[in-house]
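Please read the structure below before turning to the comments.
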Amino acid sequence: MKHYLQFNDLSADEYAYLFERAALIKHKFKAYEKHRPLVDRTLAMIFEKASTRTRVSFEAGMYQLGGSVVHLTTGDSQLGRAEPIEDSARVISRMVDLVMIRTFEQTKIERFAAHSRVPVINGLTNEFHPCQILADIFTFIEHRGSIAGKTVAWVGDGNNMANTWLQAAQLLGFKVHVSTPRGYEVDEQLAMGASGASAGSYQFFSNPLDACRGADLVTTDVWTSMGYEAENEARKAAFADWCVNAEMMALAQPDALFMHCLPAHRGEEVTAEVIDGPQSVVWDEAENRMHAQKALMEYLLLGRQSA
């Protein structure tokens with residue numbers, strides 16, 4: 001049994017399979033061909049953080065795979081009361097086949113997984129967002145081919161997305177240029193563990209223009225992630241020079257893509273000209289959450305498939 005709690009829980013070979021499988025599953029979806037390998041399987045979705053894309057992509061995806069979904073929040077279950085998370089894990093995992101959790105601290109999902117009898121998927125934590133990067137890399141492959149040897153520019157907060165991009169770069173053989181304001185840097189030890197990032201997979205730039213120079217993909221996120229709303233005004237001031245704009249995109253490769261995990265605030269972390277422009281693939285990126293996660297759920301429950 002495998003859990004998917006952070007990006008480096010799977011190997012490069014497993015990701016190669018998942019990207020191929022996601023492409024096949026998406027092709028079937030577009031051709032209105034049924035693909036229902038998870039008939040009679042149930043996914044429990046546990047939300048301690050609000051969601052649009054995570055809920056719709058997992059719920060619609062599981063139904064399309066032939067399974068069913070149980071949706072839980074802290075307001076309508078014992079999760080928000082006094083029951084230890086270990087006990088919730090023991091109970092819920094006896095009744096379903098797969099659990100997706102979107103919560104705050106990574107330690108919560110790790111404690112749940114340690115006592116679960118079924119695979120657990122990280123739908124987002126403060127520290128990591130592996131399903132989003134899974135979809136982002138799948139989207140890049142669709143548009144530009146292999147990401148190996150390419151350069152990704154991360155402009156903005158050193159948050160869960162940035163942490164996960166660092167893990168992906170080291171595992172899949174590409175480079176990440178990170179530019180954040182002072183005080184909002186990536187915690188390299190958190191992202192990569194005690195070993196740190198390998199030489200060449202990660203480089204920090206104090207100037208976001210330098211980070212974007214020569215990049216094959218420029219990507220960002222909101223300046224204030226969920227759980228940090230009290231810092232919103234301070235962050236707006238600190239991040240003023242980290243808005244992805246036409247000047248940054250012009251320094252990237254001519255065929256560079258722009259991505260954003262959404263929701264986006266036009267005029268803050270990205271200009272409307274960029275996110276709504278020809279280099280933006282944010283809508284493909286959003287849709288691909290569903291297809292990539294369908295491949296992931298199928299793999300965690302059934303292993304590699306050939307049909």
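Of 28, 150, the residue with the largest accessible area leads and the full order is 150, 28 (1.4 Å probe).
Helix 53-64 and the longest principal axis of the C-alpha atoms of the chain enclose an angle of approximately 40°.
Pairs with C-alpha atoms separated by more than 24 Å, drawn from the list 108/236; 2/294; 2/34; 108/175, are 108/236; 2/34; 108/175.
Centre-to-centre separation between the Cα atoms of segment 231-271 and those of segment 147-189: 15 Å.
Think of each Lys and Arg Cβ as +1 and each Asp and Glu Cβ as -1; about the Cα centre, that makes the dipole of the chain roughly 1040 debye.
Dividing the alpha-carbon radius of gyration of segment 132-281 by the rule-of-thumb value 2.2 N^0.38 Å gives 0.96. The structure shown yields Cα extents along the principal axes in Å, and of the options (i) 61, 55, 39; (ii) 74, 43, 35; (iii) 52, 45, 37 that calculated value carries the label (iii). Taking packing as the residue-averaged number of other Cβ atoms within 10 angstrom, the listed peptides 34-46, 151-163 run from highest to lowest as 151-163, 34-46.
In the chain, a dipole from Cβ-located charges (positive for Lys and Arg, negative for Asp and Glu) runs towards its positive end, and of 256, 16, 172 it is 16 whose Cα lies farthest in that direction.
Evaluated with a Cβ-only charge set (Lys, Arg +1; Asp, Glu -1), segment 132-281 carries a dipole of roughly 380 debye about its Cα centre, given to the nearest 20. Relative contact order for segment 132-281: 24 percent, from Cα pairs under 8 Å spaced at least 6 residues apart, divided by residue count. Relative to the Cα centre, the charge distribution of segment 205-307, modelled as +1 at Lys and Arg Cβ and -1 at Asp and Glu Cβ, gives a dipole magnitude of about 360 debye.
Provide the net charge surrounding residue 65, with neighbours chosen by a C-beta distance below 14 Å and charges set as Lys +1, Arg +1, Asp -1, Glu -1. That sum, taken over residues with Cβ under 14 Å, equals +2.
In the elastic network of the chain, a GNM with C-alpha springs shorter than 10 Å, the most mobile of 297, 259, 95 is 95.
The values are calculated or read from the model by the stated rules, or taken from the named source; none is laboratory data. Values in this document were obtained by computation on a predicted structure and should not be read as measured data. A quick note on method: Cβ atoms are made from the backbone with ideal geometry, for glycine too, and the neighbour counts reach across all protein chains shown. Side chains are part of the model used for accessible areas, which takes the heavy atoms of the whole protein and leaves out ligands, DNA and RNA. Shrake-Rupley method; radii C 1.70, N 1.55, O 1.52, S 1.80 Å.
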